[in-house]
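Student: The structure is given below, and queries will be raised subsequently.
Any read-out appearing in this document is the output of simple, stated calculations on the displayed coordinates, not a laboratory observation. The model shown is predicted, which means the values in this text are computed figures rather than measured ones. Neighbour counts run over all protein chains shown; Cβ positions are idealised from the backbone, glycine included.
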Amino acid sequence: MKKWNEAMEDIRFDGKNQVMQFIDSEENKRRSIFEKLLTILDHEIEIPLPSVVAIGLVFLLVISLQSFSNRDDSYEYTITVVNQWGQYETY
Amino acid sequence: MKDIKVLMNELMNDHGDYLKRTAAVMVGDYQIAEDLVQETFMSFYKNRLQFKHQSSYKTYLYRILMNHIKMHFRKKRDYTMDPSMLLYHGIIEFEDRSIMAIDLRQALEKLKPDYRNVIVLYFFNEMKIEEIASVLDITKSGVKMRLKRAKEMLYDHLNKGGKQNEKVE
């Protein structure tokens, strides 16, 4: 099938200048600080979501364990009764 | 990482002509092909941060081009190839037979875009099955199936050509 490709050898891409002009205009546009930072880094900032979720869960677990272990369920209470002489007694 | 302008220049020098030829065969028109390739490079520039280097630049560019071609056919369904295009004269090898094709244009015009894509990428661009799968974002078995059907259709169309296309074996 070589001939197929060879038959079109005179077909050339002529739009290089237009593409470069487009890039120039895009590059000269005002960009946000974040976009500028991305351009400097030239790659996306990736947030490792599974790791973040795992760490968050561990923190949640630790905090909830701590709060449960420190809690004292016993509390003071009083009871008031009326004795045989009609007086109120508080214990 | 290279400066984006240097990279774009290199990519256009290395792949621009091939992309245009591929687009021309796919859409049948040189001017539309030129526009599609320009849009392909502009899209690459806009989405360059999403390129993860999991495939080659070539594969990524062809994938963008295929998407632009797909969008083009959503707007314009009919396909007629430029009369000056693709006057191929030679033998096309199929699995168990070969055929003399004088003009592939008519045969390609009759193929659906999905089949034309695989035929063009396989024969014209000489891509491997894995590469085509990556470009078209389908499985390898999907490519093989499409290629088999496309070849059968191409063979039928070429064979029906009568005077124009002469069977060799």
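Student: Kindly state, to the nearest 0.05, the FRET efficiency for B:Lys128 paired with A:Asn28, given R0 = 41 Å and r defined as their beta-carbon distance.
Tutor: So the FRET efficiency works out to roughly 0.50.
Student: My understanding is that a pair violates if its Cα-Cα distance is over 23 Å; which of A:Lys29/B:Lys70; B:Lys20/B:Lys58; B:Lys76/B:Lys140; B:Lys20/B:Lys140; B:Lys46/B:Lys144 do that in this structure?
Tutor: Going by Cα-Cα distance, A:Lys29/B:Lys70; B:Lys76/B:Lys140; B:Lys20/B:Lys140; B:Lys46/B:Lys144 fall outside the 23 Å limit.
Student: Also, I was wondering about something else. Can you put A:Asp24, A:Asp10, B:Asp35 in order of Cβ neighbours within 10 angstrom, beginning with the fewest?
Tutor: Least crowded to most crowded, the residues run A:Asp10, A:Asp24, B:Asp35.
Student: If neighbour count is taken as other Cβ atoms inside 10 Å, put B:Ile69, A:Ile47, B:Ile32 in order from fewest to most.
Tutor: Starting with the residue having the fewest Cβ neighbours, the order is A:Ile47, B:Ile32, B:Ile69.
Student: What is the calculated FRET efficiency for A:Ser69 to A:Tyr91, with r their C-beta to C-beta distance and R₀ = 30 Å, to the nearest 0.05?
Tutor: After rounding, the FRET efficiency stands at 0.45.
Student: Taking each residue in B:41-49, count the Cβ atoms of any other chain within 10 Å of its Cβ, then average. What number comes out?
Tutor: 4
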